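Novice: Got a structure for you, written out below as structure tokens; questions coming shortly.
The values are calculated or read from the model by the stated rules, or taken from the named source; none is laboratory data. Source: prediction; values computed, not measured. Because the Cβ atoms are built from the backbone with ideal geometry, glycine has one as well, and the counts that use them run over all protein chains shown. The area values use the complete protein model at the heavy-atom level, side chains included, leaving out ligands, DNA and RNA. Shrake-Rupley method; radii C 1.70, N 1.55, O 1.52, S 1.80 Å.
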Amino acid sequence: MNTETLNPETQTDHQNVYLRCFAGCEGKHSVYDVIYRCPKCDALLEVHHEREALSEKNADQWKALFESRASTTIWPYGSGVWSMREWVIPSLRDENVVSMAEGNTNLFWAERFGKQLGVPDLWIKLCGNSHTGSFKDLGMTVLVSVVKQMMAGNSPVKAVACASTGDTSAALAAYAAYAGIPAVIFLPAGKISTAQLIQPVANGAHVLALDTDFDGCMKIVQEVTQDQSIYLANSMNSLRIEGQKTVGIEIVRQFDWEVPDWIIIPVGNLGNISALHQGFKLMMDLGVVTRMPRFVAAQAAKADPFYRSFKNGFKNKISVTAGDTLANAIRIGDPVSYDKAVAAVQETNGLVEEATEAELAEAAAQADTTGMFSCPHTGVALAVLKKLIKQGQIKRNHRTVVISTAHGLKFTDFKVGYHESTLADVSNEHANPPVYVSANPKAVKEVIAQRLGL
Ligand SMILES: *Cc1c(COP(=O)(O)O)cnc(C)c1O
Ligand SMILES: [Zn+2]
């Protein structure tokens, strides 16, 4: 007997919140079903919320509700994701929400950096200030919660699995461990940072390091999860998108419901930009906002299939073999959420731009001298910001938000390499290695006088 189908809340959900084909085929599937693609055409699915059901509140009432919950301790609303529970998965029962108070990340004014670049209204959304150090927590809290509710019924699911360039596995391992659900992780051996590798190891996941790249791991995990007992947690699973979509809503809430002109986001598998779009579409439909920001997808030039597709007018999807980039979390050659991301760029009058290794490293280092501590992916977004300012696209009076996707502390190898000037293809304009001085007051004073120009 399936307890889910007996739960009246879930039944309501099935009518109002369900999975449907992104390409438009007919058919509704429960969010508690083990299904990732449309059975008719193989396109990705999306979670759809019937707008009618959400019109119980008007825009001002929704805003007031979400504001009232920001950072409360009342379970589970202290989470930035679950504070918007009605817009995420309303039928999850309290006891199945697997949350570590993700979201509510800081959106700060990058005053000095923005002024250096000539765009004083520059803001950074620091998604890396989260439990596992990246925005992936936003999606995993939703996916693992749904799995917990499935497993409380008679679902065949026994474990969760993902392929990862590092941050997805850290988030999955942490949330699965919090819920007591086994996790299987597929990583490209030797292609991720030490911090990224040690997180799932510490959380007790089954970590399989494969002698391939991310795209190779992705193929294997799709094969392994054909069996209904292992649930696929990659971003082709649209439950992840439901959690990640809250970032756009949160940004707008933090601006007192004003919409910025631009949002720049580093992209790899293209799930996060699709999520950003989902969040904004929902706000538009409910009248919470009345215009869209322009989205900019930022890619590393060494792994730039989406940039090439954009240059090609999105005539067809281009895939590449992703090269070795410092931005390892976006080292992806065959992005799974391509169709969703094309819609996100086209429907927001958006752009796709790319950055070389030297550009991303310099942009990150320059930003750091103004108080940030940028991961290489954020470096890609910052380098793209500089290019768009130069091209005259982003203007002085535009409000721009850069989504910082991970915490710089996960990428200390990148930082150390930069400041020791050992990175290939990267100059060292901002390198600032420590000065070794003998422990002698006279020598120390001399160095200080010299460095400060006293
Ligand atoms: C996953 C990830 C991205 C890319 O997100 P996609 O949804 O794959 O486009 C960017 N930056 C970091 C740090 C990530 O972990
Ligand atoms: Zn379909």
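Novice: Using unit Cβ charges (K, R positive; D, E negative) and no other charged atoms, how large, in debye to the nearest 20, is the dipole of the chain about its Cα centre?
Specialist: In debye, rounded to 20, the chain gives about 840.
Novice: Helix hunt in the chain: which complete DSSP H runs extend at least 20 Å axially by C-alpha with mean Kyte-Doolittle at least 0.0?
Specialist: Helices meeting the criterion: 136-152, 271-285, 376-390.
Novice: Regarding the stretch 142-270, what are the three Cα extents along the principal axes, ordered largest first, in Å?
Specialist: Principal extents (Cα only, largest first): 44, 39, 26 Å.
Novice: Calculate I(q)/I(0) for the chain by the Debye formula, one identical point scatterer on each C-alpha and no solvent, and give its log10 at q = 0.08 Å⁻¹ to two decimals.
Specialist: Debye output, listed in q order: -0.45.
Novice: Run lengths n ≥ 4 of DSSP H only: what is the helix-derived mean residue ellipticity at 222 nm for the chain, with -39500 (n - 2.57) per run over all residues, to the nearest 500?
Specialist: Mean residue ellipticity at 222 nm (helix-derived): -11500 deg cm²/dmol.
Novice: While we're looking at this one, here's another question. Report the relative contact order of the chain, percent, no decimals, based on alpha-carbon pairs under 8 angstrom and at least 6 residues apart.
Specialist: Relative CO of the chain lands at 15 percent.
Novice: May I ask you to give the solvent-accessible area per residue for the chain, in square angstrom, as obtained with a 1.4 angstrom probe?
Specialist: About 40 Å² of surface per residue is accessible.
Novice: Compute the longest continuous run of the chain that contains no exposed chymotrypsin sites (Phe, Trp or Tyr not before Pro); treat a site as exposed when its DSSP state is not H, G, I, E or B and it has at most 14 other Cβ atoms within 10 Å.
Specialist: 1-254
Novice: Listed here are the pairs LYS315/LYS410; LYS136/LYS395; LYS191/LYS302; LYS136/LYS191; LYS311/LYS387; LYS28/LYS245; which of them are more than 25 Å apart at the Cα?
Specialist: Flagged as over cut-off: LYS315/LYS410; LYS136/LYS395.
Novice: Also: The stretch 386-441 to the stretch 259-279: how many Å between their Cα centroids?
Specialist: One Cα centre to the other: 23 Å.
Novice: Ignoring ligands, DNA and RNA, what percent of the accessible area of the chain is carbon or sulfur (1.4 Å)?
Specialist: Roughly 51 percent of what the probe reaches on the chain is carbon or sulfur.
Novice: I'd like the antiparallel share, as a percent to the nearest 5, of DSSP beta bridges with both residues in the chain.
Specialist: 30
Novice: With just the Cα atoms defining each centre, how far is the stretch 83-107 from the stretch 137-180? Give it in Å.
Specialist: Spelled out, the Cα-based centre of one part sits 14 Å from the other.
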